[in-house]
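Here the structure is laid out as structure tokens; the discussion comes afterwards.
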Amino acid sequence: MKVFSRRAFLKTGLAGACLLAAARTLDREVFAQESRPGSLDLKKLANKDAELIAALAPAVLQGALPDEPSARLVAINEVIEAFDRTVAGLSPAVQREVESLLSLLTFAPSRRLVAGVSKPWNEASSDEVAAFLEQWRNSRISVLQQGYQALARVMIACWYGNPLSWAKIGYGGPPHAAELGLL
Amino acid sequence: MSASTVPDPIRLALDDRSRGWKVIDGARLTRDYLIECDVVIVGSGAGGGTAADTLTQAGLKVLMIEEGPFRSSTDFRMRERDAYPQLYQESAGRQTRDKGITILQGRAVGGSTTVNWTSSFRTPPATLQHWEKNWGLADYTVEHLAPWFEKMEARLSIAPWPVPPNENNDILRRGCERLGIPAAAIRRNVKGCWNLGYCGMGCPTNAKQSMLVTTIPDSLERGLSLIHSARVERLAQRYGRITSLVARGMDSDGVSAGPWKIRVAAKHVVLAGGAINNPALMLRSALPDPHQRLGKRTFLHPSAVCAAIMDNKVEAYSGAPQTIYSDHFLDTLPHGGPMGFKLEAPPIHPILAGITLPGFGAGHAAWMKRLPNLHVAIALMRDGFHPQSEGGNVAIRADGSPVLDYPISDYVWEGLRHALAVMTEIQFAAGAKIVMPLHEDAKPYRSWAEARHAIGGLPMQTLRTRVASAHVMGGCAMGADARDAVIRGDGRHHQIENLWVFDGSAFPTSIGANPQLSIYGMVARNASRLAQMLRKPDPRFA
């Protein structure tokens, strides 16, 4: 992985902060009226947020998602829906932090500059997505490390909370389901 | 869905109007309320539940307000994705300001007792001696507190657990044994436990003797009024007394306050909302804090985590979650020296494992695929006993919500590094083939020698090292000297005569053990003193 110089990090950090402000004001308004994917019932996430998560999921959950294409699509959609529910359950202050993070990543100029991804998320290759995740995971800028961890952990929680994920990890689910009226 | 064969006494009583329980759902208000009472209790966890029990037994008119929902055993379906948003602060994702520490804290009727792992310890004598010497807490001795611990142990069926430990705990026991490290069994607050292993998602069989199934229903029988799904926003004070309390019913989203207000005029106010929410409420209310002590010294037992892969199945999601511990590294590392820690094993369910294991992608998935063979150990650092372990600070954001800063000093980092090494050695001694300290820069290690060398070089930094907490303490420290502390030893606020803090936020240090029984015992005593005082009216309040 490319190692950035300290100066490059600083530039990225400062420019990122300016862009973030632009991203939050401009981007949300431009996309406010945007329609959501018909199949997904989303309360908090916009279509472009859903596209971001759909692009990240195969990298974050590599080896965990189903391989069969239609099952994989269902799984990714359920991760997006669970991500949406998770955001809705956070306090308003933390919801605003997540919203800033998603804006930073989905606003094209900041996506290019801060995430280093040149194409829109739905066109980015899996190598580009993995490189972005690895770069943020090991960034010396703590806010980028925080951003990586927030995205990765929420997506991981959204997948492993889903019974669809359990067969691959050998987890049989809660016991005594019948006696406890869970069936 | 078939009908449950396990009765839910809470749901039955709520559905039976003739029982006369006074319960209001704050999320369904259609108007403002004005309520008068003798005592209002903010929070329904270990502190609030115990206080309500004591104060209603004294015949007082008591109102309890809880921010979380009123859920009971039929709602507890042993699924993390349902339980965490319903029963935990921030959907079990509460974090320190820099996101360096993830905090598991309950938010429901019963507070953290509804979701804790049932570990029951009396306050360690060394902690009480430290308090007596450094905080002037003369009647917090082992002897003074013993009858109160006995009383609460009997009340909550706290007893040795007669069932053999699950494999996850037994590995900790065997590893310690092979290294000559003393380990012992944990007492639990259960009655007729099914040994399922899902305590953290709310007990589905009502075996856990949490506040939800003991003190709170008993208090409701005695006339307690309970408003759940309501957030206390502010206390008003005048001339050194709280004159009123304002709460708002929660919005239907469950995370923000709705439009309807509940105003409470109470003779006394008891805060039991936990070590983050109590200081935040007092800060929002701009209560007197002449020595700037409020929200300071918040402790977490910051915990390091170490995972291992065993040859045989561990199934750490099954069976009583915590039954074995070792205090060897508390007993041999006394206060003032290198940081001591308590060793335990946690339950491992898919979400908790997933978010705690480092990395992403194929490497992460490879660990998840070994879930049935995964062993996990945790080391709970005893914070607050050394000049370089002053804990964290609670502040409020612009919207009034709390945020905890918890900077980790080099001293604490070295303690965490020591703990990672100790847990690794124990896991290899117990037969682990692969061990990995949970750290973004750690790799799976195949021998103790290899791991020891690597752990010595790990950068111990925020966000690199996984640090978790399930015990939030302090922030409203008690102490004899008003210059050091927010409240007095009896729980009364140093500056406000009708304000009391009855929960773990009163601790001037961490406990060095899972705190529930410490809270039960200390609150039982302090609440009974308050009840006595209210029965024989204090001339100042007559």
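The values are calculated or read from the model by the stated rules, or taken from the named source; none is laboratory data. Source: prediction; values computed, not measured. Positions of Cβ are generated from backbone atoms using ideal geometry, with glycine treated the same way; all protein chains shown enter the neighbour counts.
Quick notes on this structure:
- Residue selected from the stretch A:72-105 under the condition within 12 Å of chain B (Cβ to nearest Cβ) and in contact with a Ser or Thr (Cβ under 7 Å, 6 or more places away or on another chain), by the criterion nearest to B:M368 (Cα to Cα): A:T86
The rows are residues; the columns are (1) farther than 22 Å from B:G431 by Cα; (2) touching a Ser or Thr at 6+ places or on another chain (Cβ under 9 Å); (3) of a type outside the set (G, A, S).
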residue: B:V314; (1), (2), (3): no, no, yes
residue: B:G336; (1), (2), (3): yes, no, no
residue: B:L343; (1), (2), (3): no, yes, yes
residue: B:P387; (1), (2), (3): yes, no, yes
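- The set of residues from the stretch B:170-216 being more than 14 Å from chain A (Cβ to nearest Cβ), assigned to a loop (DSSP other than H, G, I, E, B) and not aliphatic (A, V, I, L, M) comprises B:G180, B:P182, B:K191, B:Q209, B:S210, B:T214.
- Scanning the stretch A:50-71 for residues that are within 14 Å of another protein chain (Cβ to nearest Cβ) and more than 12 Å from the chain's Cα centre (by Cα) returns A:Q62, A:G63, A:A64, A:L65, A:P66, A:D67.
- Of the numbered criteria (1) more than 20 Å from B:I103 (Cβ to Cβ); (2) touching a Gly at 6+ places or on another chain (Cβ under 8 Å), the one B:Y520 fails is (2).
- Identity of the residue in the stretch B:74-93, of a type outside the set (A, V, I, L, M, F, W, C) and in contact with a Ser or Thr (Cβ under 7 Å, 6 or more places away or on another chain), that ends up farthest from B:T356 (Cα to Cα): B:T74
- Residue within the stretch B:79-91 that is in contact with a Pro (Cβ under 6 Å, 6 or more places away or on another chain), within 14 Å of chain A (Cβ to nearest Cβ) and over 16 Å from B:T214 (Cβ atoms) present: yes
- In the stretch A:133-181, residue farthest from A:V117 (Cα to Cα) [restricted to those that are free of Cβ contacts under 8 Å to residues at least 24 places away in the same chain, part of a loop (DSSP other than H, G, I, E, B) and touching a Ser or Thr at 6+ places or on another chain (Cβ under 8 Å)]: A:E179
- Yes/no for B:V6 being in a strand (DSSP E or B), surrounded by fewer than 24 Cβ atoms within 10 Å (Cβ to Cβ) and out of contact with any Phe, Trp or Tyr (no Cβ under 6 Å at 6 or more places or on another chain): no
- Of all the criteria given as (1) buried (at least 22 other Cβ atoms within 10 Å of the Cβ); (2) more than 18 Å from B:A430 (Cβ to Cβ); (3) in contact with a Leu (Cβ under 7 Å, 6 or more places away or on another chain), the one not satisfied by B:G354 is (3).
- Verdict on B:A108 being in a helix (DSSP H, G or I) and either of a type in the set (D, E, K, R) or within 18 Å of the chain's Cα centre (by Cα) (or both): no
- The condition of being touching a strand residue (DSSP E or B) at 6+ places or on another chain (Cβ under 6 Å), modelled with pLDDT of 95 or more and in the same structural domain as B:T215 (by TED's automatic domain parsing) holds for B:A52.
- Every residue from the stretch B:430-474 that is away from chain A (no Cβ under 14 Å) and at positive phi: B:G431, B:G474
- Yes/no for A:A124 being more than 8 Å from every other protein chain (Cβ to nearest Cβ), more than 27 Å from B:S252 (Cα to Cα) and without any contact (Cβ under 8 Å) to a residue 24 or more places away in the chain: no
- Selection count, the stretch B:353-369, where residues are in a helix (DSSP H, G or I), more than 17 Å from B:L463 (Cβ to Cβ) and either more than 23 Å from the chain's Cα centre (by Cα) or not assigned by TED's automatic domain parsing to the domain that holds B:H439 (or both): 7
- The test for being among the aliphatic types (A, V, I, L, M), under 17 Å from the mean Cα position of the chain (by Cα), at pLDDT 95 or above and not assigned by TED's automatic domain parsing to the domain that holds B:A482 does not hold for B:I181.
- Residue identified as touching a strand residue (DSSP E or B) at 6+ places or on another chain (Cβ under 7 Å) and either away from chain A (no Cβ under 14 Å) or acidic (D, E) (or both) among B:R107, B:R31, B:R97, B:R71: B:R31
- B:R540 being at pLDDT below 95, over 25 Å from B:E153 (Cα atoms) and outside the structural domain of B:D139 (by TED's automatic domain parsing): yes
- Looking across A:A177, A:A108, one residue alone is under 28 Å from B:Q86 (Cα atoms), more than 7 Å from chain B (Cβ to nearest Cβ) and of a type in the set (G, A, S). It is A:A177.
- Number of the condition not met by B:R31 [criteria: (1) in the same structural domain as B:A266 (by TED's automatic domain parsing); (2) not in a loop (DSSP other than H, G, I, E, B)]: (2)
- B:A286 being surrounded by fewer than 17 Cβ atoms within 10 Å (Cβ to Cβ), away from every other protein chain (no Cβ under 14 Å) and either not aromatic (F, W, Y) or not in a loop (DSSP other than H, G, I, E, B) (or both): yes
- For the stretch B:292-307, the set of residues classified as assigned to a loop (DSSP other than H, G, I, E, B) and in contact with a strand residue (DSSP E or B) (Cβ under 9 Å, 6 or more places away or on another chain) consists of B:L294, B:G295, B:K296, B:R297, B:L300, B:H301, B:P302, listed by residue number.
- Condition met for B:A308 (surrounded by 24 or more Cβ atoms within 10 Å (Cβ to Cβ), over 21 Å from B:P407 (Cα atoms) and over 20 Å from the mean Cα position of the chain (by Cα)): yes
- Contacts under 9 angstrom Cβ, first residue in the stretch B:379-406 being free of Cβ contacts under 8 Å to residues at least 60 places away in the same chain and crowded, with 18+ Cβ neighbours inside 10 Å, partner part of a strand (DSSP E or B) and not β-branched (V, I, T), 6 or more apart: B:S389/B:F299; B:S389/B:M381
- In the stretch B:432-457, the residues that are surrounded by fewer than 17 Cβ atoms within 10 Å (Cβ to Cβ) and farther than 16 Å from B:P358 by Cα: B:K433, B:R446, B:S447, B:A449, B:E450, B:R452, B:H453, B:G456, B:G457
- Subset of the stretch B:458-484 (residues that are crowded, with 23+ Cβ neighbours inside 10 Å, in contact with a Pro (Cβ under 8 Å, 6 or more places away or on another chain) and assigned to a loop (DSSP other than H, G, I, E, B)): B:R466, B:H471, B:G475, B:C476, B:A477
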